[in-house]
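What follows is one structure encoded as structure tokens, with my remarks underneath.
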Amino acid sequence: MDDMKKMVLDYVKREYLEEDDDREVTETTKLISGGIVDSFSMVSLKRFLEKKYGIRIPDADATPEAFDTVNTIVDLVNRFKKS
């Protein structure tokens, strides 16, 4: 697992799972459609990623589908990162 995937996965576990939540979350776990991340949490995750990577993710691209798994989140961030 690369560093960005690990960072996003750790962030999701730390910010959106309760301590007693025993669900296993991987890079393919459905975050939004699985009920782990809601729309308010998606906005905070978007802001975190923008600050962390110095990018701007247009609202039109910040869709529930784009934020539904760690893999799709990493793909989204990579689209907007400066190469």
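A short reminder: the numbers here are calculations on the coordinates, not readings from a lab. The structure displayed is predicted, hence computed values, not measured ones. Don't worry about glycine lacking a Cβ; one is built from the backbone with ideal geometry, like all the others, and counts go over all protein chains shown.
Quick notes
- Neighbours of V74 by Cβ distance under 9 Å: Lys/Arg scored +1, Asp/Glu scored -1, total -2.
- Ellipsoid semi-axes in whole angstrom, largest first, where each is sqrt(5λ) of the Cα gyration tensor of the chain: 20, 14, 11
- Residue separation of D38 and D10 scaled by 0.36 nm, minus their Cα-Cα distance, works out to 8.4 nm of gained length.
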